[in-house]
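Q: Could you have a look at this structure, given as structure tokens, before my questions?
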Amino acid sequence: MQDIKSFTLEELKTEMEKLGEKSFRAKQLYQWMHQKLARSFDEMTNLPLSLREKCSREYEYTSIKEVKMQESDIDGTRKYLFELKDGSLVESVWMKYKHGNSVCISSQVGCRMGCAFCASAIGGLERSLTPSEMLDQVYAVTLLTGERVSNVVVMGTGEPLDNYDNLLRFIRLLTDENGLHISQRNLAVSTCGLVPQMRKMADEQLQITLALSLHASSDEKRRELMPVANKYSIAELMEACRYYFEKTGRRITFEYSLVGGVNDKPEDAQRLAALTKNLNCHVNLIPVNPIKERDFVQSKGTEIASFKNKLEKNGINVTIRREMGRDIDGACGQLRRRQKALQ
Ligand code: SAH
């Protein structure tokens, strides 16, 4: 059965014609799914029962179930563990900022990129998420909190560009004016650096923010932390970033997780400054979140400060990521791992 929530409005019109229904039904259905966030056809009370029955025979309607929620006493951040229809588990995080609410979603169940410091990498990839399963995370969080979501970041479990077509469809549906209509500028996608897909993304001419997980300023060090660095060099990555900026005018974000004694030395900062100097970008330093399966530690406060200082002296735009929800289970993928271990 085809997944009705992953259709664009145009495709849904064609579907309605195929079923012998009037095409205005497509818009009604679409709005029920993507604006009123209906969890089933039964909720679509102004549609004829016969149409609802026909749809439930013809299409799959995805839904996700809250399995667990942890809320931070410090800043109100909530981490949700959701179960998909096939029993897979995904995590999403809800963060409250002054400028609005942000949701961090997962793009895959597990991940095959194998980054050394990341909890999501440990069990490998189970499968990619469909567009509707990515939307469902945003929709469920909206319904559960009762508050509008203004920003979405695809920075949870999974490598979004390893699920390219579904990601693109997700972006189009999420930003569609007949849906939640989230501004493309309020959407960020983080990648470990799949160069061909980054270039393809640039050609789509979207207004979303592309974040690149760099984490090292030499190929040698990057290879120690991220297996994907064996495939693409930092030079190729920088070229792809430059291309993204040229095509879209959107400033690139570089994510750099500081790992104590590994990538936090003055020479690491110096090389990073040289790499990013002539690029229209922003560097986000993230104190690494230690996971129990690995013995990485956070850099010392003084080292973090001098790393930042060095970049600033070189005119680089840099911030240290505010750590949200420290008390509710650090790094991405940990809640899911813990739950799986219990099952
Ligand atoms: N696969 C994508 C998005 C998911 S991870 C990517 O690689 O960008 C989101 C960000 O969190 C990435 O920058 C990732 O490298 C980082 N990350 C993962 N585990 C971390 C940890 N334990 N501490 C700090 N950052 C981590």
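The values are calculated or read from the model by the stated rules, or taken from the named source; none is laboratory data. What you are looking at is a predicted structure, and each value in this text was computed from that prediction instead of being measured. Cβ atoms come from the backbone with ideal geometry, glycine included; neighbour counts cover every protein chain shown.
Q: Among the residues of the stretch 314-327, is there at least one that is in contact (Cβ under 8 Å) with a residue 24 or more places away in the chain, surrounded by fewer than 18 Cβ atoms within 10 Å (Cβ to Cβ) and in contact with a Leu (Cβ under 6 Å, 6 or more places away or on another chain)?
A: Yes, the stretch 314-327 contains at least one residue that is in contact (Cβ under 8 Å) with a residue 24 or more places away in the chain, surrounded by fewer than 18 Cβ atoms within 10 Å (Cβ to Cβ) and in contact with a Leu (Cβ under 6 Å, 6 or more places away or on another chain).
Q: Can I ask one more? Among the aliphatic types (A, V, I, L, M), more than 19 Å from GLU53 (Cβ to Cβ) and touching a helix residue (DSSP H, G or I) at 6+ places or on another chain (Cβ under 9 Å) - does that describe any residue in the stretch 3-22?
A: Checked against the condition, which is being among the aliphatic types (A, V, I, L, M), more than 19 Å from GLU53 (Cβ to Cβ) and touching a helix residue (DSSP H, G or I) at 6+ places or on another chain (Cβ under 9 Å), the stretch 3-22 yields at least one hit.
Q: Of all the residues that make up the stretch 210-263, how many are farther than 17 Å from PRO196 by Cα and among the polar types (S, T, N, Q)?
A: Applying the first criterion (farther than 17 Å from PRO196 by Cα) to the stretch 210-263 yields 215-226, 249-251, 253-263.
Those still in the list that are among the polar types (S, T, N, Q) too: 217-218, 253, 257, 263.
Summing the residues that are farther than 17 Å from PRO196 by Cα and among the polar types (S, T, N, Q) in the stretch 210-263 gives 5.
Q: Could you check how many residues of the stretch 33-54 are among the hydrophobic types (A, V, I, L, M, F, W, C), part of a helix (DSSP H, G or I), surrounded by fewer than 20 Cβ atoms within 10 Å (Cβ to Cβ) and in contact with a helix residue (DSSP H, G or I) (Cβ under 7 Å, 6 or more places away or on another chain)?
A: Selection size over the stretch 33-54: 1.
Q: Every residue in the stretch 64-102 that is in a loop (DSSP other than H, G, I, E, B), at pLDDT below 95, surrounded by 15 or more Cβ atoms within 10 Å (Cβ to Cβ) and not acidic (Asp, Glu), please. Please lay out each step first, then the result.
A: Start the filter on the stretch 64-102 by keeping residues that are in a loop (DSSP other than H, G, I, E, B), which leaves 64, 72-77, 84-88, 98-99.
Narrowing the set further to residues that are at pLDDT below 95 leaves 72-77, 98-99.
From what is left, the residues that are surrounded by 15 or more Cβ atoms within 10 Å (Cβ to Cβ) are 72, 75, 77.
Across the stretch 64-102, the qualifying residues are SER72, THR77.
Q: Further question on the same structure: Suppose the filter is within 18 Å of the chain's Cα centre (by Cα), crowded, with 19+ Cβ neighbours inside 10 Å and either more than 13 Å from the ligand (Cβ to nearest atom) or closer than 21 Å to SER132 by Cβ (or both); does LEU173 pass it?
A: Yes: the conditions hold for LEU173.
Q: Let me ask something additional. Identify, from the list ALA188, ALA229, ALA235, ALA211, the residue that is within 14 Å of the ligand (Cβ to nearest atom), part of a helix (DSSP H, G or I) and at negative phi.
A: When all the criteria are applied, what remains is ALA229.
Q: Quick check on my filter: what residues within the stretch 155-167 are within 16 Å of the ligand (Cβ to nearest atom) and either surrounded by 23 or more Cβ atoms within 10 Å (Cβ to Cβ) or assigned to a helix (DSSP H, G or I) (or both)?
A: To start, the set of residues in the stretch 155-167 that are within 16 Å of the ligand (Cβ to nearest atom) comprises 155-164, 166-167.
Within the stretch 155-167, GLY156, THR157, GLY158, GLU159, PRO160, LEU161, ASP162, ASN163, TYR164, ASN166, LEU167 meet the criteria.
Every residue, every condition in (1) within 16 Å of the ligand (Cβ to nearest atom); (2) part of a strand (DSSP E or B); (3) in contact with a Pro (Cβ under 6 Å, 6 or more places away or on another chain), yes or no:
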residue: LEU258; (1), (2), (3): yes, yes, yes
residue: ASN263; (1), (2), (3): yes, no, no
residue: ALA274; (1), (2), (3): no, no, no
residue: GLU293; (1), (2), (3): yes, no, no
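Q: Under 6 Å by Cβ, and 6 or more places apart or on different chains, what pairs join a residue from the stretch 230-251 that is closer than 14 Å to ASN278 by Cβ with one that is surrounded by fewer than 17 Cβ atoms within 10 Å (Cβ to Cβ) and modelled with pLDDT under 95?
A: These pairs meet every condition: PHE245/ASN280; ARG251/ASN280.
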